[in-house]
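These notes are about the structure you will find just below.
Please treat every number below as a calculation from the coordinates, not as lab data. Bear in mind the structure is a predicted one, so any value in this text is a computation, not a measurement. Here the Cβ is made from the backbone with ideal geometry for all residues, glycine too, and neighbour counts use every protein chain on show.
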Amino acid sequence: MTTNIAHAESDDQIAATFEVMRQLRPHLERSEYVSRVRDLMASDGLRMLVLSDDGAVGAVATYRVMNMLYCERLIYIDDLVSDERSRSRGYGSQLIARLKELGRELGCSEIQLISRTIREQAHRFYFREGFGIECFHFRNKLET
């Protein structure tokens, strides 16, 4: 087993993550995926980390670096998903470790993410990785 963690830079590298990302974000459409990711990269500085195992995508994380008044610089994880066929192999932990390392390199004071209340298995994972619950995230959908 040879794992590698690298940023997805090319359209082909981004496209290769679709099947795994769709396990977390089932609303995504393959035909729009690369362009949506590219748009977020251009507008919001989104980055994508990919863990590959023997060349196959095993896990994906998207993140951005943000500056906030209350905590200064932070890494915010938008998405973190391991392929359901290869869970419990430590892929998520490896991505979290790399994101923490990147955060330190980039001068970030913390790493954050939001997880839906129904994702109890994910919450257990985040607690094991040293995350804690510090606030409520409020949401109000706007009518269009």
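Which log10 I(q)/I(0) values does the stretch 3-128 give at q = 0.14, 0.15, 0.19 Å⁻¹ under the Debye formula, counting every alpha carbon as one identical point scatterer?
-0.60, -0.70, -1.14
Give me the one-decimal Kirkwood hydrodynamic radius in Å for the stretch 38-98, with the sum taken over alpha-carbon pairs. Walk me through the intermediate numbers first.
Details: mean 1/r = 0.0790 Å⁻¹.
The Cα-based Kirkwood calculation yields 12.7 Å.
For the stretch 91-138, which chymotrypsin sites (Phe, Trp or Tyr not before Pro) are in a loop by DSSP, counting at most 14 other Cβ atoms within 10 Å?
Numbers: sites: Tyr91, Phe125, Tyr126, Phe127, Phe131, Phe136, Phe138; in loops: Phe131, Phe136, Phe138.
Filter output for the stretch 91-138: Phe136, Phe138.
Give the relative contact order (percent, whole number) for the stretch 3-128; include only Cα pairs under 8 Å separated by 6+ residues.
Relative contact order, the stretch 3-128: 22 percent.
When the Cα atoms of the stretch 64-144 are enclosed in a convex hull and the volume is divided per residue, what value in Å³ results?
136 Å³
Whats the longest run of the chain with zero trypsin sites (Lys or Arg not before Pro) that are DSSP loop and have at most 14 other Cβ atoms within 10 Å? Spell out each step's value before the answer.
On the way: sites that count: Arg116, Arg119, Arg139, Lys141.
With a cap of 14 other Cβ atoms within 10 Å, the longest stretch comes to 1-115.
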